[in-house]
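Read the structure below first, then the notes.
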Amino acid sequence: SEVADVPVPHPGSTLGRAFWSFRWTDAETAVFLDVWRVFYEELTDTVDNAPVIQRMFEVLRECLNRGELLTEQRVRTKMEAMTKRFHEEQNVCNRMLAKTGTASSSSWRFFEAMKDMLASVAEVDDE
């Protein structure tokens, strides 16, 4: 799916500096996860998830009050980054289990929330 053409501010402008230095706070990431969880099953059930991400973006825009700094592409990128981080953390835990025989848990703050969200869809698929 194509991302809508959004004008990107020049890095030297005031808006540009804020745009290019965008960082999600932990509080915003927690809200992001709550919203993602609501849409997660629908996202996994569709091939073209652009309309679902658009709705997620609209909800997040209302909740986070980030104005023009929050874009659909940032929502998509956040989903990809968090999924990647979850799998990296999970691989570390699995290697520790294989090496020591003892289960370990990730220290990443959002690991358990991601694990619960991903497992909720796996449980539905298993039924």
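Could you figure out which of (1) part of a helix (DSSP H, G or I); (2) closer than 22 Å to residue 115 by Cα; (3) modelled with pLDDT under 95 isn't true of residue 61?
(2)
Name the residue, out of 96, 82, that is of a type outside the set (Gly, Ala, Ser) and modelled with pLDDT of 95 or more.
82
Please work out if residue 55 is open to solvent by 60 Å² or more (accessible area, probe 1.4 Å), under 15 Å from residue 36 (Cβ atoms), part of a helix (DSSP H, G or I) and at pLDDT 95 or above.
So residue 55 fits the description; yes.
If you take the residues in segment 20-31 that are modelled with pLDDT of 90 or more and not in a helix (DSSP H, G or I), which one is surrounded by the most Cβ atoms within 10 Å (Cβ to Cβ)?
24
Can you tell me which residue within segment 58-115, out of those that are without any contact (Cβ under 8 Å) to a residue 60 or more places away in the chain and among the aromatic types (Phe, Trp, Tyr), is most open to solvent (accessible area, probe 1.4 Å)?
108
Out of 48, 34, report the one residue that is open to solvent by 70 Å² or more (accessible area, probe 1.4 Å), out of contact with any strand residue (DSSP E or B) (no Cβ under 8 Å at 6 or more places or on another chain) and assigned to a helix (DSSP H, G or I).
Criteria check complete, one pass: 34.
The values are calculated or read from the model by the stated rules, or taken from the named source; none is laboratory data. Quantities reported herein were computed from a predicted structural model and do not represent experimental measurements. Using ideal geometry, Cβ is built from the backbone for each residue, glycine included, and neighbour counts are taken over all protein chains shown. For the accessible areas, the whole protein counts, side chains as well, though only heavy atoms, and no ligand, DNA or RNA atoms are used. Shrake-Rupley method; radii C 1.70, N 1.55, O 1.52, S 1.80 Å.
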